Every structure is written in structure tokens, then in C-alpha cells.
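Chemist: One structure follows; several queries about it will come next.
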Amino acid sequence: MALTVKLLKRLIASLPPSEDNEAALNCLEQSDLTQIIPAGEPSSYSRAEYWLRIYRIKHGSTTKAGIATYGFPSLLAALQKLHPSAPLAITAFDTREWHGVFWSEQGDQLVGFVLVKHRSPQQEQDRLDWFRRNLA
């Protein structure tokens with residue numbers, strides 16, 4: 001059920017052009033792309049209702065934090081349409097610039113994805129400084 005990079009590229013390229021889809025293709029074309037899930041871990045599979053509950057929360061927290069993401073709204077809409085007990089797998093990748101998670105149904109059907117753009121070291125330091133000033 002886990003998707004390969006080649007299959008993901010083909011599936012995303014077949015979707016209507018959008019900023020989210022272009023970001024996903026960009027992520028998958030990075031030379032330092034590393035697959036981090038699945039690594040033989042059963043936790044990469046869960047029911048649609050689980051992913052919807054968790055990623056609704058994550059979407060809210062990333063939006064409030066001003067974190068640049070791609071794909072969240074379409075993923076949440078797709079998860080809402082699925083039967084709550086539908087089994088889904090995730091395939092996750094990491095690069096210096098991106099963290100990407102892709103959801104699929106049985107039969108390698110892409111459900112959606114979420115991409116998070118990593119902060120630069122300076123952005124991360126600014127964020128930590130803000131927390132120290134405002135929450136200490």
C-alpha cells in the first residue's frame with residue numbers, strides 16, 4: 001500500500017495544476033529525498049477517521065503558528081469523504097527543504113498529501129527568541 005516516488009510523481013502530475021501539486025512534485029524531485037515512513041512500522045497504517053482527527057488538529061496548529069504548508073485543505077476534504085474505517089497508509093519523505101506525507105488507499109490510490117517547508121536556521125532562531133520573550 002505504500003507509494004513509490006515514481007508512482008507518486010505520476011499520480012500528482014495527472015492532477016489539475018495547482019500550487020500544492022507543484023510543491024509536491026518539487027519535494028519529490030529533490031536530490032536529497034529520503035523516505036522515512038514506512039520503515040516496516042505498523043504505525044504507518046491507520047483508519048481514515050484517525051488521520052482526519054489528527055490532521056484537523058495539526059492543520060489548526062500549523063496555521064496559528066504561521067508554518068508554510070501545502071495540501072492541507074484538499075487532504076482534509078478527501079478524508080471527510082472516505083468511510084471512517086477505510087484503511088489508509090502513509091508514505092513520508094524528508095529533504096533539507098521539505099517534509100512531505102502522502103496518504104493512499106488500497107490499490108495505490110492517492111488520497112492526498114501535506115507538505116511542510118522547513119524553516120531556515122535563522123527563522124528557527126527567531127521563533128525560539130519570540131517564545132523566550134513572550135512565554136518566559
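The values are calculated or read from the model by the stated rules, or taken from the named source; none is laboratory data. Not measured: the values here are computed from a predicted model. Each accessible area value is taken on the protein alone, full model and side chains, heavy atoms only, with ligands, DNA and RNA left out. Shrake-Rupley method; radii C 1.70, N 1.55, O 1.52, S 1.80 Å.
Chemist: Tell me, what is the percent relative contact order of the stretch 1-96, built from C-alpha pairs under 8 Å that lie six or more residues apart? Present the calculation step by step, with values, prior to reporting the outcome.
Modeler: Working: 86 pairs, mean separation 42.2, N = 96.
Relative contact order here is 44 percent.
Chemist: Which value, to two decimals, describes the C-alpha radius of gyration of the stretch 13-74 once divided by 2.2 N^0.38 Å? Don't jump to the answer; show the numbers that get you there.
Modeler: Details: Rg = 14.0 Å, N = 62, 2.2 N^0.38 = 10.6 Å.
Normalised by 2.2 N^0.38 Å, the Cα Rg of the stretch 13-74 equals 1.32.
Chemist: Here's something else I'd like to know. What are the residues whose amide H is under 5 Å from the amide H of Trp98, where those residues sit 5 or more places off or on another chain and H is modelled from the backbone?
Modeler: His118
Chemist: Let me ask something else. List the aspartates and glutamates whose Cα lies under 20 Å from the Cα of Lys81, skipping any in the same chain that are fewer than 8 positions away.
Modeler: Asp20, Glu49, Glu105, Asp108
Chemist: Top mean-square fluctuation among Glu29, Glu105, Glu19, Gaussian network model of the chain, C-alpha springs under 10 Å?
Modeler: Glu19
Chemist: Expressed as a whole percent, how much of the Cα-Cα distance distribution for the stretch 39-136 exceeds 19 Å?
Modeler: Values: 2308 of 4753 pairs.
Pairs farther apart than 19 Å: 49 percent.
Chemist: Under 21 Å Cα to Cα from Lys9, which lysines show up? Leave out anything in the same chain fewer than 8 places away.
Modeler: Lys9 reaches Lys117.
Chemist: Compute, for Leu3, the solvent-accessible surface of its heavy atoms (probe 1.4 Å) with the complete set of protein chains present, and express it in square angstrom to the nearest 10.
Modeler: Surface open to solvent at Leu3 totals about 0 Å².
Chemist: How much accessible surface does Ile54 have with a 1.4 Å probe, in Å² rounded to 10?
Modeler: Here the residue's solvent-accessible area equals roughly 40 Å².
Chemist: Per DSSP helix of 4 or more residues, -39500 (n - 2.57); summed, then divided by the residues of the chain. What does that give at 222 nm, rounded to the nearest 500?
Modeler: Dividing the helical sum by the residues of the chain leaves -14500 deg cm²/dmol.
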